[in-house]
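Asks: Below is the structure I would like to discuss, written out as structure tokens.
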Amino acid sequence: MSQRLQQLQRWLAQGAGLSGFELTPASEDASFRRYFRVHRDAGTLIAVDAPPAREDSRPFLRVAGALGEWGLNAPRVLAHDLEQGFMLLSDLGQTLYLDVLAENTVERLYGDAIAAIGLMQARGLDRTVGLPDYDEALLRAELGLFRDWYLGRHLGLELDAAEGAALERLFALLVASALEQPQVFVHRDYHSRNLLVTERNNPGILDFQDAVYGPLTYDPVSLLRDCYVAWPRERVEGWALGFLDLARKAGVPVACDEARFMRWFDLMGVQRHLKATGIFARLNHRDGKPGYLGDIPRTLGYVREVCGRYAELAEFGDLLDARRAWPRA
């Protein structure tokens with residue numbers, strides 16, 4: 001048993017007041033956090049190990065409290081020790097959206113998840129949670145992950161001056177589209193691996209500690225063009241427009257027509273999927289986690305499809321064609 005795990009067990013017993021428990025791994029994570037299921041006669045809880053030198057748990061506490069106040073189904077923080085980097089949470093279950101999404105479940109599950117986005121956005125309009133802005137610097141830093149970790153490290157490509165300028169034009173377009181949208185509460189990782197199916201108040205919402213104030217379409221495109229599961233374009237666009245109607249009814253200030261909204265949605269998806277591709281490559285090369293590489297073809301497949309429909313994205317699509325940078329499915 002590692003020293004860190006021994007420290008967690010000691011804190012659960014002494015700091016959180018638990019006795020007669022056993023720990024089993026609860027889930028994998030793309031960060032340095034680790035999650036354990038705490039088994040007791042009285043039921044299960046979740047213990048979080050977030051080393052303070054690597055992870056700041058204060059945003060998690062803030063956002064968890066806000067989501068609970070808004071009536072959303074997020075884990076309750078039962079005890080915490082930020083100095084050691086430990087938290088004890090309520091357990092929302094083990095059934096991920098990814099495990100059960102199918103033709104006979106997707107309409108209900110996505111309906112619940114879209115409604116939760118609308119509620120987060122409407123309740124977060126007062127900005128009292130104290131989140132950072134999804135500003136130009138952050139958007140560009142995320143896009144840089146694609147250039148540095150996927151094109152550079154993973155594929156070993158060095159762009160010439162013309163190619164670098166083409167990539168910069170794409171980045172500028174994507175950033176401008178993101179910043180011109182209504183700025184709302186953004187979960188920032190809202191997809192099938194971070195949503196749990198629950199009997200009441202579905203969905204259970206996880207991994208929200210990186211929340212920001214940012215573009216209206218970010219969470220909807222994270223859900224509907226998921227890096228881990230794909231649906232036909234026509235259905236995705238129907239769900240996206242359904243979200244637009246719901247957001248307006250919920251009081252989110254959306255003054256745009258459907259065409260403009262779908263352009264925002266498509267370009268936001270390109271930004272997110274380039275970022276995710278860079279993260280998947282970084283997880284492999286820096287962190288020794290190769291399991292996400294298999295999701296790159298699906299993730300960049302969304303980008304390739306959108307590039308084929310927008311004239312201003314054709315230059316980027318041609319660049320990846322010329323460099324044979326599109327992955328094989």
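Asks: What does the convex hull of the Cα atoms of the chain come to per residue, in Å³, rounded to a whole number? Before the final figure, lay out the partial values.
Replies: On the way: hull volume 46.4 nm³, N = 329.
In the chain, the Cα convex hull volume per residue is 141 Å³.
Asks: Ordered by residue, what ³J(HN,Hα) values in Hz, to whole numbers, does segment 154-166 give under the Karplus form 6.51 cos²θ - 1.76 cosθ + 1.60, where θ = phi - 60° and Gly and Pro are x?
Replies: For segment 154-166, the Karplus-derived couplings read 6, 9, x, 8, 10, 7, 7, 4, 5, 5, x, 5, 5 Hz, x marking Gly and Pro.
Asks: Using Stokes-Einstein with the Kirkwood hydrodynamic radius over Cα pairs, what translational diffusion coefficient do you get for segment 213-304 at 37 °C and a viscosity of 0.692 mPa s, in µm²/s rounded to a whole number? Show your work: numbers first, answer last.
Replies: Details: Rh = 14.1 Å.
Translational D for this selection: 232 µm²/s.
Asks: In Å², what does the accessible area per residue of segment 80-193 work out to with a 1.4 Å probe?
Replies: Numbers: 5050 Å² over 114 residues.
Result: 44 Å² per residue.
Asks: Please give the contour-minus-distance gain from Cys256 to Arg140: 0.36 nm per residue of separation, less the Cα-Cα distance, rounded to one decimal in nm. It would help to have the intermediate numbers written out before the result.
Replies: Working: separation 116, 0.36 × 116 = 41.76 nm, distance 2.50 nm.
Here the answer is 39.3 nm.
Asks: For segment 127-285, what % of the accessible area comes from carbon and sulfur atoms, probe 1.4 Å? Before the final figure, lay out each step's value.
Replies: Values: 2990 of 5910 Å².
Reported share for carbon and sulfur atoms: 51 percent.
Asks: I need the phi-derived Karplus couplings for segment 32-41: 6.51 cos²θ - 1.76 cosθ + 1.60, θ = phi - 60°, integer Hz, Gly and Pro marked x.
Replies: 8, 6, 10, 10, 10, 8, 9, 8, 9, 4
Asks: Okay, next question. Using the heavy atoms of the protein chains alone and a 1.4 angstrom probe, what is the accessible area of segment 267-329 per residue in square angstrom?
Replies: Working: 2730 Å² over 63 residues.
Heavy-atom accessible area per residue stands at 43 Å².
Asks: Here's another thing I want to ask about it. In nm, to one decimal, how far is the Asp318 label point from the Leu241 one, both placed 7 Å along Cα→Cβ?
Replies: Roughly 3.2 nm, to one decimal.
Asks: Using Cα centres only, tell me the gap between segment 114-151 and segment 251-275 in whole Å.
Replies: Segment 114-151 and segment 251-275 have Cα centres separated by 13 Å.
Asks: So, one more: Under a 5 Å amide H to amide H cut-off, with H placed in plane at 1.01 Å, what residues pair with Asn73 once short-range neighbours are removed?
Replies: Ile205
Asks: With only alpha-carbon atoms counted, please give the Rg and Dmax of segment 29-80, in Å.
Replies: Considering segment 29-80 through its Cα atoms, Rg and Dmax are 12.3, 34 Å.
Asks: State the extension gain, in nm to one decimal, for the chain segment bounded by Arg10 and Thr44, taking 0.36 nm per residue of separation less the distance between their alpha-carbons. Please list the in-between numbers first.
Replies: On the way: separation 34, 0.36 × 34 = 12.24 nm, distance 1.76 nm.
So the chain would gain 10.5 nm between Arg10 and Thr44.
Asks: Also, I was wondering about something else. Of the GluC sites (Glu not before Pro) in segment 125-211, which ones lie in a loop per DSSP and count no more than 12 other C-beta atoms within 10 Å? Numbers along the way, then the final one.
Replies: Values: sites: Glu136, Glu142, Glu158, Glu163, Glu168, Glu180, Glu199; in loops: Glu158, Glu199.
Listed in order of number, the matching sites are Glu158, Glu199.
Asks: If each residue of separation counts as 0.36 nm, what is the full-extension length gain between Asp295 and Asp81 once their alpha-carbon separation is subtracted?
Replies: Details: separation 214, 0.36 × 214 = 77.04 nm, distance 3.49 nm.
Between Asp295 and Asp81, full extension yields an extra 73.5 nm.
Asks: OK, next. Beyond 18 Å, what share of the Cα-Cα pairs of segment 156-257 is found? Please give it as a whole percent.
Replies: Value for segment 156-257: 62 percent of Cα pairs lie more than 18 Å apart.
Asks: Whose amide H sits under 5 Å from the amide H of Leu78, counting only residues 5 or more places off or on another chain, with H placed in the peptide plane?
Replies: The answer is Leu88, Leu89, Ser90.
Asks: Grab the DSSP H runs of the chain that are 4 residues or longer, score each as -39,500 (n - 2.57), total them, divide by all residues and round the 222 nm result to the nearest 500 deg cm²/dmol. Intermediate results must be reported in sequence, preceding the final value.
Replies: Values: 11 runs with 149 residues, N = 329.
Roughly -14500 deg cm²/dmol at 222 nm, from the helical runs in the chain.
Asks: Per residue of segment 314-327, in order, report the coupling 6.51 cos²θ - 1.76 cosθ + 1.60 (Karplus, θ = phi - 60°) as ³J(HN,Hα) in whole Hz, putting x for Gly and Pro.
Replies: 4, 4, 5, x, 5, 4, 5, 4, 5, 8, 6, 9, 6, x
Asks: What longest range of the chain stays clear of loop-exposed trypsin sites (Lys or Arg not before Pro) (DSSP non-H/G/I/E/B, at most 16 other C-beta within 10 angstrom)?
Replies: That gives 201-285 as the longest site-free run.
Asks: In addition: Given labels modelled 7 Å from the Cα in the Cβ direction, how far is it in nm from Thr95 to Asp56?
Replies: Computed distance between label sites Thr95 and Asp56 equals 3.7 nm.
The values are calculated or read from the model by the stated rules, or taken from the named source; none is laboratory data. Worth saying up front: this structure is predicted, and the values here are computed from it rather than measured. Because the Cβ atoms are built from the backbone with ideal geometry, glycine has one as well, and the counts that use them run over all protein chains shown. Accessible surface areas use protein heavy atoms only, side chains included; no ligands, DNA or RNA. Shrake-Rupley method; radii C 1.70, N 1.55, O 1.52, S 1.80 Å.
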